[in-house]
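S.K.: My questions all concern the structure below.
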Amino acid sequence: MSAILGYIRVSTADQSLDLQMDALEAIGCLRIWEETASGSRRDRPELEKVLDALRPGDSLAVWRLDRLGRSLPHLIETVQRIEDAGAALRSVTDGIDTSTPNGRFTFHLFGALAQFERELVRERTMAGLEAARARGRVGGQPTKITPEKARAIKQMLEAGTPKAEIAKVLGFSRATLYRYINDHAAEHIRGKLVLDPIGSAGVEVL
C-alpha cells in the first residue's frame, strides 16, 4: 500500500516547524521526519532516513523545494534517488507532484537548467583563467593550485561539475584535485563535498 512520507527542515533550533508540519499533515502524511540543519549542509541524517524508507508507489512530501535540496544540482540528485525508489516527490507550496506528467516535465526542465549552470560555470572559469594567464598571474608548476584555480574549484564543485572534468579543465590530475580537497575542504567549502574513493594505498582509482 502506497503512503505519503513527509520531510520538514529548519536551519536553527529556535525556528518553528509548525507551519511545515501543519501543511504536510493536511495532505495526509503517514509519518514526518524532522531535521534541524543549515541549508548548506550535505549531511542530513533525517533526510537519509526518509529516503531509505520510500517504497514503490510512495510519495515524499515537502513544504517547499528548498527544504529538500541545498542547491539545484543537489535537488536534482535527491529527486533522482526518489525516482530510483519508484516513488514521487510532492512540494506543497510549489504545487509540484512528480507522479503527474506536468510534475515530471518540471523536473526535466530543472535538470536541463542544472546542466546549463554547470556549462556557464565552466565557461566563466576558462575565461577567468585565460585572463589571469594574460596578466601573468598563473604560472609555476603545472599542478600548482593557484588562488584563481582554488576559486574555480569551489565554484565548479558547487555547480555539480564532475571532479574529472574539473581536473581536466584546470590542467592537473585528479589525484592533485583530491589532495587539495582533503587539505582545504574545511577552510574553503565548509563540508559541502562528498569525496570520491581513492585506493587503499593512497593512489587514485582511475
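S.K.: Output the number of the condition that PHE107 fails; it satisfies all remaining conditions of (1) closer than 30 Å to GLN155 by Cβ; (2) assigned by TED's automatic domain parsing to the domain that holds VAL10; (3) touching a residue at least 12 places away in the same chain (Cβ under 8 Å).
M.R.: (2)
S.K.: When both residues are 6+ apart or on different chains and their Cβ atoms are under 6 Å apart, which pairs have a first residue that lies in segment 68-96 and is in contact (Cβ under 8 Å) with a residue 40 or more places away in the chain, and a second that is β-branched (Val, Ile, Thr)?
M.R.: Here the result reads LEU68/VAL62; LEU68/THR78, each pair linking segment 68-96 to a residue that is β-branched (Val, Ile, Thr).
S.K.: Within 23 Å of SER2 (Cβ to Cβ), out of contact with any Gly (no Cβ under 8 Å at 6 or more places or on another chain) and of a type in the set (D, E, K, R): which single residue out of ARG31, ARG81, ARG44 fits that description?
M.R.: ARG81
S.K.: Test of understanding: among LEU60, LEU75, which residue is modelled with pLDDT of 85 or more, in the same structural domain as ARG31 (by TED's automatic domain parsing) and either crowded, with 18+ Cβ neighbours inside 10 Å or in a helix (DSSP H, G or I) (or both)?
M.R.: Among LEU60, LEU75, only LEU60 is modelled with pLDDT of 85 or more, in the same structural domain as ARG31 (by TED's automatic domain parsing) and either crowded, with 18+ Cβ neighbours inside 10 Å or in a helix (DSSP H, G or I) (or both).
S.K.: So which residues in segment 152-167 are over 13 Å from the mean Cα position of the chain (by Cα) and at positive phi, if there are any at all?
M.R.: none
S.K.: Hey, any hits in segment 33-46 for a residue that's assigned by TED's automatic domain parsing to the domain that holds ARG81, among the β-branched types (Val, Ile, Thr) and either part of a strand (DSSP E or B) or loosely packed, with under 15 Cβ neighbours inside 10 Å (or both)?
M.R.: Yes, because at least one residue in segment 33-46 is assigned by TED's automatic domain parsing to the domain that holds ARG81, among the β-branched types (Val, Ile, Thr) and either part of a strand (DSSP E or B) or loosely packed, with under 15 Cβ neighbours inside 10 Å (or both).
S.K.: Do the conditions hold for LYS154, that is, is it at pLDDT 75 or above, in a helix (DSSP H, G or I) and in contact with a His (Cβ under 8 Å, 6 or more places away or on another chain)?
M.R.: Yes; evaluated as a whole, the condition is true for this residue.
S.K.: Continuing with this model, one more query. So, in segment 4-19, exactly how many residues are under 17 Å from SER91 (Cβ atoms) and either modelled with pLDDT of 95 or more or hydrophobic (A, V, I, L, M, F, W, C) (or both)?
M.R.: 8
S.K.: Please verify whether ILE82 is among the hydrophobic types (A, V, I, L, M, F, W, C), assigned to a helix (DSSP H, G or I) and under 19 Å from the mean Cα position of the chain (by Cα), treating the condition exactly as stated.
M.R.: Judged against the criteria, ILE82 is a match.
S.K.: So, in segment 76-95, how many residues would count as being farther than 20 Å from PRO56 by Cα and among the aliphatic types (A, V, I, L, M)?
M.R.: 1
The values are calculated or read from the model by the stated rules, or taken from the named source; none is laboratory data. Being a predicted model, the structure only gives us computed values, none of them experimental. Positions of Cβ are generated from backbone atoms using ideal geometry, with glycine treated the same way; all protein chains shown enter the neighbour counts.
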